[in-house]
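Reading through the structure tokens given below for one structure.
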Amino acid sequence: MLRDDRREFQRLKLSKPILATMGTANALILDIGIAGAFLEHFGTVEAGEHFPLTFRWQGEDVTFQCEAVRSVVVRLPAGDGKSIASHTGVRFIEGSPEGRSRLQDLITTFVGRILVAQKANAAGENAESAGATILARLGEARRMRSRGFISYHYDGKGWLRVPGNTPVQPPDGFTVGDFEEPAELENLCRTYEEADDEGRNLIRLVAELSVVQER
């Protein structure tokens, strides 16, 4: 069972929807995060309904058991009465370790591309982002050792590093496991400093994904 902190997790807004199936029906994933997704689909669902959500990443199926949290009709049926469309927010309630690993890879890949593009635009060139590279490796050591968490707080001039026992992401920085390499986290701090508000939110999203624990 996936952890439920009873708090709102951030989601990655996709520039191109991901084709998926919810049960036996087709759907489009518009946003996705560590705890759930936002879907567009034909028909309606009721809050509390459970169904599997499946999509493909890097040639492999990823499946999560989901619970519909809220759903609204966004397009009424046409003359045939069959084309009603809805937007539905779902919560992931169960998924395999392999599925969670592929979800992390999907999110870090998309976030890394966005951060590289932001840095390139700011520099006026095809820049590389060291911070985007470390994003892809966040959480790798969690399977072997975990000694708590470190929150990094940025005040616009410098960083405050605060040990703790919670994975909650601060609004002025990010939280990672305290097993991450200090040199790599310095690069991530530099990337955070250079990022705009959207980029900083995306860094928190990936950091959140790297430290969230399963029950």
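The values are calculated or read from the model by the stated rules, or taken from the named source; none is laboratory data. The structure presented is a predicted model; accordingly, all values stated were derived computationally and were not measured. Reconstructed Cβ throughout: ideal geometry from the backbone, glycine too, with neighbour counts over all protein chains shown.
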For this session: Starting from segment 87-114, take each residue that is touching a residue at least 24 places away in the same chain (Cβ under 8 Å) and list its partners that are charged (D, E, K, R), counting only C-beta distances under 7 angstrom and pairs at least six apart or across chains.
Result: HIS87/GLU40; GLY89/ARG70; VAL90/GLU67; ARG91/GLU67; ILE93/GLU67; ARG102/GLU60
Exercise. Can you find a residue in segment 1-13 that is outside the structural domain of LEU202 (by TED's automatic domain parsing), modelled with pLDDT of 85 or more, assigned to a strand (DSSP E or B) and surrounded by 15 or more Cβ atoms within 10 Å (Cβ to Cβ)?
Worked result: no
Exercise. Out of segment 160-188, which residues are outside any loop (DSSP other than H, G, I, E, B) and touching a helix residue (DSSP H, G or I) at 6+ places or on another chain (Cβ under 8 Å)?
Worked result: GLY173, PHE174, THR175, VAL176, GLY177, GLU184, LEU185, ASN187, LEU188
Exercise. Does segment 166-184 hold any residues that are crowded, with 20+ Cβ neighbours inside 10 Å and modelled with pLDDT of 85 or more, and which are they?
Worked result: GLN169, GLY173, PHE174, THR175, VAL176
Problem set entry | Filter pass, PHE51 being modelled with pLDDT of 80 or more, of a type outside the set (Val, Ile, Thr) and over 17 Å from the mean Cα position of the chain (by Cα) | yes
